[in-house]
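**Q** My questions all concern the structure below.
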Amino acid sequence: MADTLTPVLTADWADEQSWKLATYERNGGYRALRTALRMAPDDIITAVKDSGLRGRGGAGFPTGMKWGFIPQDNPNPKYLVVNADESEPGTCKDIPLMMASPHTLVEGVVISSFAIRANRAFIYIRGEVVHVVRRVQAAVAEAYAAGHLGRNIHGSGYDLDVVVHAGAGAYICGEETALLEGLEGRRGQPRLRPPFPAVAGLYASPTVINNVESIASVPSIVGNGAEWFASMGTEKSKGFGIFSLSGHVANPGQYEAPLGVTLRTLIDLAGGVRHGHELKFWTPGGSSTPILTAEHLDVPLDFEAVAGAGSMLGTRALQIFDETTCVVRSVLRWTEFYKHESCGKCTPCREGTYWLVQVLTKLENGTGQEKDLGVLLDQCDNILGRAFCALGDGATSPITSSIEYFRDEYLQHLTNGGCPFDPVASTLFAAEGAR
Amino acid sequence: MTEAPPTTSDGGLSDETFAELHEIAARYPEARSGLLPMLHLLQSVQGRVTPEGIEACADILGISAAEVAGVVTFYTMYKRRPVGDYHVGVCTNTLCAVMGGDAIFERLKEHLGIGNDETTPETPGQRSITLEHVECNAACDYAPVMMVNWEFMDNMTPQSATELVDDLREGKEIRSTRGPRIATWREVERVLAGYPDGRVDEGPGAGPASLVGLGIARERGWTAPATHEQGPTGSPADTATEAAEQADTSRAETETKQEEGHQDG
């Protein structure tokens with residue numbers, strides 16, 4: 001039984017100049033790379049498969065299996081693309097990782113590229129985090145200078161070039177095929193699949209796209225072994241992950257723990273829900289994962305158990321809201337976000353999110369009717385599973401789940417003729433009277 | 001600190017800028033991949049994306065101006081109207097909004113006398129500010145969050161937000177709570193185009209909230225399991241080789257799951 005918290009990726013974040021190559025190497029960094037370069041690439045893929053690592057970007061697809069899909073007999077170049085477009089509301093783990101320990105990512109990029117036999121890799125970072133872009137740019141430059149990147153890496157005969165690419169503001173580019181469009185200099189609209197990126201991705205060539213945390217986990221797997229990684233976590237959700245607590249808890253922040261930890265444990269470590277208040281609702285993995293309530297505090301936070309509770313583990317973005325928060329206001333704001341970020345390619349999402357906002361606005365300001373709840377659910381039914389990509393599906397999650405758990409609160413807005421909540425009460429500075 | 005490259009006297013793009021645009025395109029196996037950073041560079045030079053800049057990209061990449069314009073209008077960081085010296089973003093996505101982002105945004109609109117996506121008028125001796133509400137910027141554990149020229153300003157209040165914009169307007173040196181001294185919007189756009197500005201080593205590795213879990217683990221002696229490296233049983237390479245021996249069964253499983261399993265992630 002592993003300890004309650006298991007810092008691996010976060011272990012060196014408090015070190016002086018943690019982002020520098022010298023610090024990273026002093027802590028054992030780039031040793032796994034030397035190990036990897038002595039292995040057969042297929043053996044690295046096998047180790048990652050055996051570790052049970054599943055994609056940390058939300059979907060949880062087995063990482064090693066994704067790598068195994070790359071057709072090595074395809075004559076085109078192979079590419080690794082790191083999805084560092086962290087934008088799912090509530091998700092805030094990759095950004096601090098890249099700021100504090102960019103070399104963990106860079107080492108993961110070299111090992112992963114070597115495993116899939118790519119000689120070019122791209123790190124696509126959202127543009128709105130310039131200091132993170134600086135840190136990753138510098139880490140890549142340091143890695144070149146130290147011979148961890150470039151020609152004939154450490155005498156292995158293996159070459160790798162890495163380009164750090166800044167995005168320009170588009171949530172949809174977190175969707176892997178939209179990200180590829182952005183990286184090809186186009187509007188970030190998702191592609192029809194199949195063909196999957198493993199077969200025809202960047203420049204129609206075999207491409208692996210992985211989340212930052214997935215790639216950053218690879219050095220520890222190669223360095224310590226697949227069994228070590230798999231000794232943490234649960235039966236089908238192996239290893240550790242960064243759990244991000246935000247909102248109405250005493251000490252929000254990053255908590256790295258084996259998958260399967262419960263929210264009850266994490267909130268306890270975080271000093272409890274905001275003093276004098278109680279948990280009302282929370283997201284397990286960002287706004288696209290259906291909300292849960294206090295009755296789900298003991299659900300193990302792994303892929304299977306959260307799905308069993310009717311939601312999704314997603315990115316472990318645990319947004320905590322106490323009883324001062326209006327669920328209708330919260331859901332309306334998320335819905336406005338999806339409307340704003342809908343890429344416009346498909347009708348159900350483009351038009352559907354527009355209408356969802358119209359109906360929800362009326363409900364929030366008290367001018368709607370009870371039957372509007374039925375309209376909302378019908379609209380969601382016409383988006384879920386009918387949109388081109390997961391953005392449309394995600395837009396329906398907060399709506400359907402909030403109506404399931406808080407139908408009465410929607411109705412209260414109607415009888416009250418508007419929102420019954422005082423928005424000041426939910427703020428961090430409520431005690432100071434919102435100065 | 002180097003200033004953004006100048007425009008020529010007639011307001012056109014300089015040879016130096018053209019050279020850099022070509023340089024960006026050459027980073028990629030296919031030149032068009034350079035378009036996003038090229039547009040960041042143009043914003044650093046001209047303070048926005050201009051019709052001239054769009055034509056320049058189209059010429060260099062061998063695509064139509066309409067194709068470039070289609071990209072410019074898709075991404076929210078590209079601005080077709082001039083941006084002020086400082087771009088001030090207030091997160092009003094749900095979590096930050098609830099924690100106080102809405103109150104901060106309202107206060108700033110009132111204080112600056114401008115609406116969303118508007119810029120304060122040019123005033124002698126004062127820096128200009130463009131105000132915008134932004135979506136989740138991946139700093140939720142520091143809510144309510146603001147961004148100044150895409151640097152983090154954590155745990156804000158209406159009071160600290162108004163003080164911040166006043167200081168910015170007066171030209172005082174401001175430090176990001178988790179980052180460097182704040183440069184101008186144009187200087188930052190140059191970093192996003194791939195030209196480092198030397199500020200990488202400023203600011204902390206991690207802010208306090210990023211370290212909360214690590215601190216508790218250290219206090220209680222919690223760690224990831226001991227590795228083979230520390231024990232007598234062999235090197236990491238041996239472990240990986242042992243793991244590799246079990247490959248046959250997992251490969252067979254892979255092939256059966258290949259059709260059903262593909263997702264994002």
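**Q** Find how much the distance from A:HIS154 to A:ARG350 grows on full extension, using 0.36 nm per residue of separation minus their present alpha carbon separation; answer in nm with one decimal.
**A** Values: separation 196, 0.36 × 196 = 70.56 nm, distance 5.00 nm.
Going from the current span to full extension adds 65.6 nm.
**Q** Can you compute the helix-only [θ] at 222 nm over chain A? Use -39500 (n - 2.57) per DSSP H run of at least 4 residues, normalise by all residues, nearest 500 deg cm²/dmol. The partial results should precede the final answer.
**A** On the way: 17 runs with 184 residues, N = 435.
The helix-only estimate for chain A comes to -12500 deg cm²/dmol at 222 nm.
**Q** Still on this structure, I have one more. Test of understanding: ordering A:ASP3, A:ASP12 by Cβ neighbours within 10 Å, fewest first, what list do you get? Kindly include the intermediate steps, with their values, before the conclusion.
**A** On the way: A:ASP3 16, A:ASP12 23.
Final ranking by Cβ density, sparse to dense: A:ASP3, A:ASP12.
**Q** Report the label-to-label distance for A:ASP42 and B:ASP167 in nanometres (one decimal), using points 7 Å from each Cα along the Cα→Cβ vector.
**A** The answer from the label model is 6.0 nm.
**Q** Starting at the first residue of region A:422-427, write each ³J(HN,Hα) from the Karplus equation 6.51 cos²θ - 1.76 cosθ + 1.60 with θ = phi - 60°, in whole Hz, x for Gly and Pro.
**A** Along region A:422-427, the couplings run 8, x, 5, 4, 8, 7 Hz.
**Q** What does the C-alpha gyration tensor say about the overall shape of region B:1-149? Classify as rounded when a/c is under 1.5, otherwise prolate if a/b is larger than b/c, or oblate. Intermediate values should be presented prior to the final figure.
**A** Details: a/c = 2.46, a/b = 1.66, b/c = 1.48.
Since a/c reaches 1.5 and a/b is larger than b/c, the shape of region B:1-149 is classed as prolate.
**Q** What nm distance separates the two modelled labels at A:ASP268 and B:ASP117, each placed 7 Å from Cα along Cα→Cβ?
**A** Label at A:ASP268, label at B:ASP117, 4.8 nm between them.
**Q** Set the Förster radius R0 to 45 Å, insert the Cβ-Cβ distance between A:ASP73 and A:ASP298 as r into 1/(1 + (r/R0)^6), and round the FRET efficiency to 0.05.
**A** Working: r = 49 Å, r/R0 = 1.08.
After rounding to 0.05, the efficiency reads 0.40.
**Q** Is the shape of region A:273-402 best called rounded, prolate or oblate, per the rule: a/c under 1.5 gives rounded, else a/b larger than b/c gives prolate, else oblate, with a ≥ b ≥ c the square roots of the Cα gyration tensor eigenvalues?
**A** Numbers: a/c = 2.06, a/b = 1.30, b/c = 1.58.
Judged from the Cα gyration tensor, region A:273-402 comes out oblate (a/c at least 1.5, b/c at or above a/b).
**Q** Can you figure out the FRET efficiency of A:ALA204 with A:TYR144, using R₀ = 25 Å and their beta-carbon distance, to the nearest 0.05? All intermediate terms of the calculation are to be shown ahead of the outcome.
**A** Working: r = 28 Å, r/R0 = 1.12.
The calculated FRET efficiency here is 0.35.
**Q** So, one more: Under 8 Å for C-alpha pairs, at least 6 residues apart: give me the relative contact order for region A:100-197, rounded to a whole percent.
**A** On the way: 121 pairs, mean separation 25.3, N = 98.
Computed over region A:100-197, the figure is 26 percent.
**Q** Add +1 for every Lys or Arg and -1 for every Asp or Glu among the other residues with Cβ under 12 Å from the Cβ of A:THR63, and state the total.
**A** Values: positive: A:LYS49, A:ARG54, A:ARG56, A:LYS66, A:LYS238; negative: A:ASP50, A:GLU213.
Summing Lys and Arg as +1 and Asp and Glu as -1 gives +3.
**Q** Further, regarding this structure: Using only the alpha carbon atoms of region A:7-106, find the Kirkwood hydrodynamic radius as the inverse mean reciprocal pair distance, in angstroms to one decimal. Walk me through the numbers on the way to the answer.
**A** Values: mean 1/r = 0.0639 Å⁻¹.
In region A:7-106 this quantity evaluates to 15.7 Å.
**Q** Could you tell me which of the pairs A:LYS345/A:LYS371; A:LYS93/B:LYS172; A:LYS66/A:LYS238; A:LYS49/A:LYS236; A:LYS93/B:LYS79; A:LYS66/A:LYS345 are separated by over 21 angstrom between their Cα atoms in the structure shown?
**A** Details: A:LYS345/A:LYS371 30 Å; A:LYS93/B:LYS172 31 Å; A:LYS66/A:LYS238 16 Å; A:LYS49/A:LYS236 12 Å; A:LYS93/B:LYS79 28 Å; A:LYS66/A:LYS345 27 Å.
As for pairs spanning more than 21 Å Cα to Cα, those are A:LYS345/A:LYS371; A:LYS93/B:LYS172; A:LYS93/B:LYS79; A:LYS66/A:LYS345.
**Q** Quick one: A:LEU53, A:LEU414, fewest Cβ neighbours within 10 Å first, how do they rank? Walk me through the numbers before you get to the answer.
**A** Numbers: A:LEU53 28, A:LEU414 17.
Ordered by Cβ neighbours within 10 Å, fewest first: A:LEU414, A:LEU53.
**Q** Taking square-rooted eigenvalues a ≥ b ≥ c of the alpha carbon gyration tensor, is region A:197-344 rounded, prolate or oblate, where a/c under 1.5 means rounded and, failing that, a/b exceeding b/c means prolate? Write down the numbers at each step before the final one.
**A** Numbers: a/c = 2.28, a/b = 1.27, b/c = 1.79.
Oblate shape, in that a/c is at least 1.5 and b/c is the bigger or equal ratio.
**Q** Once you have the Cα-Cα distance between A:ARG386 and A:GLU404, take 0.36 nm times their residue separation minus that, and quote the gain in nm to one decimal.
**A** Values: separation 18, 0.36 × 18 = 6.48 nm, distance 2.14 nm.
Gain on stretching A:ARG386 to A:GLU404: 4.3 nm.
**Q** For every other residue with a beta carbon closer than 9 angstrom to the beta carbon of A:LEU5, add +1 if it is Lys or Arg and -1 if Asp or Glu, then tell me the sum.
**A** Working: positive: B:ARG220; negative: A:ASP3, A:GLU256.
So the environment of A:LEU5 carries a net charge of -1.
**Q** If one takes the longest principal axis of the Cα atoms in chain A, at what angle in degrees, from 0 to 90 and to the nearest 10, does the Cα axis of helix A:347-364 lie?
**A** Its long axis makes an angle of about 40 degrees.
**Q** Moving to a separate point now. Please list the non-local residues whose amide H lies under 5 Å from the amide H of A:PHE281, H modeled 1.01 Å from N, same-chain partners needing a gap of 5 or more.
**A** Close amide H contacts, sequence-distant or interchain: A:PHE321.
**Q** How large, in Å, is region A:90-133 by the Kirkwood hydrodynamic radius built from its alpha-carbon pairs? Provide the component values of the computation, followed by the final result.
**A** Working: mean 1/r = 0.0866 Å⁻¹.
This gives a value of 11.5 Å.
**Q** In whole Hz, with x marking every Gly and Pro, tabulate ³J(HN,Hα) for region A:154-169 from phi via Karplus 6.51 cos²θ - 1.76 cosθ + 1.60, θ = phi - 60°.
**A** So the Karplus estimates, Gly and Pro as x, are 6, x, 7, x, 8, 10, 8, 10, 10, 10, 8, 10, 8, x, 9, x Hz.
**Q** Over all distinct alpha-carbon pairs, what is the Kirkwood Rh of region A:67-153 in angstrom? Walk me through the numbers before you get to the answer.
**A** Working: mean 1/r = 0.0716 Å⁻¹.
In region A:67-153 this quantity evaluates to 14.0 Å.
**Q** Simple spin-label model, 7 Å along Cα-to-Cβ: B:SER14 to B:ARG175 in nm?
**A** The answer from the label model is 3.2 nm.
**Q** Got a sec to turn the phi values of region B:129-141 into Karplus ³J(HN,Hα) couplings, 6.51 cos²θ - 1.76 cosθ + 1.60 with θ = phi - 60°, whole Hz, x for Gly and Pro?
**A** 10, 9, 9, 8, 8, 10, 8, 3, 9, 6, 9, 4, 6
**Q** Can you tell me the FRET efficiency between A:GLU25 and B:ASP197 if r is taken as the Cβ-Cβ distance and R0 is 30 Å, rounded to the nearest 0.05?
**A** On the way: r = 25 Å, r/R0 = 0.84.
Working from the Cβ atoms, E equals 0.75.
**Q** What residues of region A:242-276 lie in the reach of a label at B:THR223, counting those whose backbone N is under 20 Å from a point 7 Å from the Cα along Cα→Cβ?
**A** A:242, A:255-259
**Q** D for region B:92-147, whole µm²/s, Stokes-Einstein with Kirkwood Rh over alpha-carbon pairs at 10 °C and 1.306 mPa s: what number? Could the numbers behind the result be given before it?
**A** Working: Rh = 12.0 Å.
D = 132 µm²/s.
**Q** Which values of log₁₀ I(q)/I(0), to two decimal places, follow from the Debye formula for the protein assembly as shown at q = 0.05, 0.06, 0.08, 0.10 Å⁻¹ with a uniform point scatterer at every Cα?
**A** Relative scattering, expressed as log10 I(q)/I(0), comes to -0.22, -0.32, -0.58, -0.94.
**Q** Can you sort B:LEU42, A:LEU384, B:LEU211 by how many other beta carbons sit within 10 Å, fewest first? Could the numbers behind the result be given before it?
**A** Details: B:LEU42 26, A:LEU384 18, B:LEU211 21.
So the ranking, lowest neighbour count to highest, is A:LEU384, B:LEU211, B:LEU42.
**Q** Taking 8 Å as the Cα distance limit and 6 or more residues as the minimum spacing, I'd like the relative contact order of chain A as a percentage.
**A** Values: 877 pairs, mean separation 68.5, N = 435.
With pairs under 8 Å counted, the relative contact order is 16 percent.
**Q** Here is a follow-up. List the extent of the Cα atoms of region B:43-84 along each of their three principal axes, largest first, rounded to whole Å.
**A** Computed over region B:43-84, the largest-to-smallest principal extents equal 31, 20, 12 Å.
Values in this text are rule-based calculations from the coordinates and carry no lab data. Just so it is clear, the model here is predicted, and its values are computed rather than measured. All Cβ positions, even for glycine, are placed from backbone atoms using ideal geometry, and neighbour counts span all protein chains on display.
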